[in-house]
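The values are calculated or read from the model by the stated rules, or taken from the named source; none is laboratory data. All values reported here derive from a predicted model rather than from experimental measurement. So basically every Cβ, Gly included, is an ideal-geometry build from the backbone, and we count neighbours across all protein chains shown.
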């Protein structure tokens with residue numbers, strides 16, 4: 001099949017390069033080549049019929065070698081039974097090879113020649129005949145697992161995916177995606193360290209947490225929580241896919257897919273809860289604190305550097321009202337003024353009895369014209385302090401407009417104490433019962449049996465001793481007058497407030513947050529503007545750790561039937577001055593370092609003989625609120 005021009009023809013009209021001549025000095029072929037008994041070529045065909053064979057009877061040397069038929073294989077070649085490159089299969093040959101590996105053309109011996117078979121030449125990458133085995137040390141097609149890893153099972157895929165929810169990047173490292181895994185682990189470590197650092201800063205100074213009460217910050221928290229939920233969802237999905245669940249049987253793929261879907265929902269739940277709770281707080285604060293300032297308050301520019309407009313003290317009127325569905329209007333049965341030092345948080349509580357008679361109004365108040373000598377001074381047994389709010393609301397033509405009850409009461413109490421009342425907070429006592437239930441009840445030491453319900457205590461009796469009171473019991477414990485007087489009731493009310501302040505810990509608030517927020521919306525009414533919520537939280541943190549003193553205007557030092565206004569103002573000024581002293585000095589001056597003490601040192605002033613109050617004060621003095629209430 002060869003032409004005389006020395007160019008070999010191959011099937012398919014292809015041409016091969018001319019055969020090379022033997023080098024001078026090369027060993028000549030020793031005789032005519034005999035058919036190779038170990039050749040795998042077709043029987044009966046001589047080696048000269050092979051297109052690139054270098055063996056012939058008397059012709060020129062083979063194409064790529066001048067060696068004789070008995071020449072040894074090239075150095076580095078394996079034995080005939082071994083593969084060319086440690087493979088168990090014959091390597092692909094550009095010129096076609098037989099089923100078993102053979103030395104290059106021109107070599108003789110037990111192995112067959114490279115082109116010892118007739119027929120069409122094999123493809124460049126085709127391997128002919130013989131059993132094949134995968135390449136040693138190489139990954140199989142589609143395999144992403146490292147060489148040392150064991151095949152993943154259904155349980156291992158679920159385990160690594162779940163671990164990625166806690167340690168992002170773990171599944172990627174297991175799947176062999178080291179760069180992605182290391183990046184995820186590094187980012188997660190930085191995030192955890194940042195959160196821990198901020199937590200330590202907040203724990204060291206709780207006033208830093210006041211920033212979260214800002215409306216813009218709460219919106220940012222909602223956005224961050226939403227993005228976090230999506231990021232963790234994507235993390236779990238990509239971790240699951242990286243582990244190659246498609247190599248599992250069909251049943252394993254179904255099981256892992258369902259479990260990972262449930263796991264994604266579980267991982268997103270904390271973020272959804274954080275966003276939902278933040279929105280609840282935002283909605284609650286928006287329902288309690290007005291966005292617009294009180295029309296009766298002077299307009300003050302919002303200054304983040306000085307939110308309190310240069311004041312040294314802020315005076316809050318804390319009111320407990322008894323509005324209910326079966327009653328008309330609001331009666332303010334509990335009235336306390338909290339005067340707070342803005343720098344130190346030192347606070348003085350002034351408690352005024354509900355039956356304080358004939359209070360007076362400043363000249364700037366519209367009610368001063370109506371009652372120049374005191375509120376309903378013409379009524380010997382009327383004109384009580386707890387009637388001012390409702391009177392102003394019922395008579396807008398006298399009070400200067402609608403819903404002027406809060407302003408009228410602030411004016412009357414501020415004029416009585418010679419203080420400017422800045423803001424008020426009304427707490428509905430029936431809503432307070434829901435709030436107590438929301439935190440799980442109050443633990444209080446009951447000094448003596450207290451009957452509650454109606455005018456005769458027919459609903460039940462709160463037995464003496466250490467008790468955990470429900471919301472309804474705590475309400476009646478602070479309101480019942482069966483077998484006691486107004487002043488004893490005032491002490492119990494402050495005991496309830498003190499117990500709530502101590503037992504409503506951050507842990508309790510977080511665990512029962514939605515219930516507390518729902519009860520708070522029904523409970524509170526205030527004129528504190530919305531932009532002061534963050535400064536108010538910061539101030540509350542200062543008050544928590546500062547000194548709190550108390551002064552009650554109750555018999556025998558003060559009588560509510562015919563009050564000595566000068567004496568009340570002098571005692572108020574003295575209590576404020578004493579609050580700046582150390583706690584021990586304040587107590588020796590007659591002002592307690594606790595809101596539970598019921599009197600102060602009387603100031604001697606000339607005044608008319610006081611009129612006996614309708615109810616006697618039978619309350620016993622106590623050193624601290626813990627002694628009184630057993631907190």
Mind checking which pairs have a first residue in segment 231-251 that is more than 14 Å from residue 188 (Cβ to Cβ) and in the same structural domain as residue 272 (by TED's automatic domain parsing) and a second that is modelled with pLDDT of 90 or more and outside any helix (DSSP H, G or I), Cβ under 6 Å, 6 or more apart or different chains? 242/175; 242/177; 243/175
Please specify each residue of segment 253-267 satisfying the condition of being touching a residue at least 40 places away in the same chain (Cβ under 8 Å) and within 14 Å of residue 159 (Cα to Cα). 255, 256, 259, 260, 263
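From 613, 624, which residue is buried (at least 20 other Cβ atoms within 10 Å of the Cβ) and modelled with pLDDT under 85?
613
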Can you name the helices (runs of 4 or more DSSP H) wholly within segment 459-527 that have at least 1 residues being free of Cβ contacts under 8 Å to residues at least 12 places away in the same chain? 486-503, 506-511
Where residues in segment 468-478 are surrounded by fewer than 18 Cβ atoms within 10 Å (Cβ to Cβ) and touching a helix residue (DSSP H, G or I) at 6+ places or on another chain (Cβ under 8 Å), which of them is nearest to residue 440 (Cα to Cα)? 470
Where in segment 357-443 are the helices (runs of 4 or more DSSP H), entirely inside, with at least 2 residues that are touching a strand residue (DSSP E or B) at 6+ places or on another chain (Cβ under 9 Å), at pLDDT 90 or above and not assigned by TED's automatic domain parsing to the domain that holds residue 558? none
With the structure loaded, tell me whether residue 585 is in a helix (DSSP H, G or I), at pLDDT below 50, over 41 Å from the mean Cα position of the chain (by Cα) and in the same structural domain as residue 417 (by TED's automatic domain parsing) or whether it fails that test. yes
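Restricting to segment 199-222, count the residues that are in a helix (DSSP H, G or I) and surrounded by 12 or more Cβ atoms within 10 Å (Cβ to Cβ). Show your work before the answer.
Just the residues of segment 199-222 that are in a helix (DSSP H, G or I), to begin with: 199-204, 206-213, 215-222.
From the residues that got through so far, the ones that are surrounded by 12 or more Cβ atoms within 10 Å (Cβ to Cβ) too are 202, 206-213, 215, 217-222.
Result for segment 199-222: 16.
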List, please: which pairs have Cβ atoms under 8 Å, are six or more places apart or on different chains, and start with a residue in segment 407-430 that is at positive phi and end with one that is crowded, with 20+ Cβ neighbours inside 10 Å and in a helix (DSSP H, G or I)? 418/572
Quick check: anything in segment 539-558 free of Cβ contacts under 8 Å to residues at least 60 places away in the same chain, under 30 Å from the mean Cα position of the chain (by Cα) and assigned by TED's automatic domain parsing to the domain that holds residue 353? yes
Residues of segment 342-357 classified as within 11 Å of residue 563 (Cβ to Cβ) and buried (at least 24 other Cβ atoms within 10 Å of the Cβ), total: 4
With criteria (1) free of Cβ contacts under 8 Å to residues at least 40 places away in the same chain; (2) within 26 Å of residue 425 (Cβ to Cβ), residue 373 comes up short on (2)
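Do we have residue 421 as within 20 Å of residue 562 (Cα to Cα) and surrounded by 14 or more Cβ atoms within 10 Å (Cβ to Cβ) here? Working first, answer last.
Values: within 20 Å of residue 562 (Cα to Cα): no; surrounded by 14 or more Cβ atoms within 10 Å (Cβ to Cβ): yes.
No: the conditions fail for residue 421.
Look through 522, 567, 515 and report the one residue that is at pLDDT 80 or above and within 26 Å of residue 433 (Cα to Cα).
Details: 522 fails: at pLDDT 80 or above; 567 fails: within 26 Å of residue 433 (Cα to Cα).
Of 522, 567, 515, the one residue that is at pLDDT 80 or above and within 26 Å of residue 433 (Cα to Cα) is 515.
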List pairs: first residue in segment 295-311 and outside the structural domain of residue 534 (by TED's automatic domain parsing), second residue surrounded by fewer than 12 Cβ atoms within 10 Å (Cβ to Cβ) and at pLDDT 70 or above anywhere in the structure, Cβ distance under 8 angstrom, at least six positions apart or on different chains. 309/303
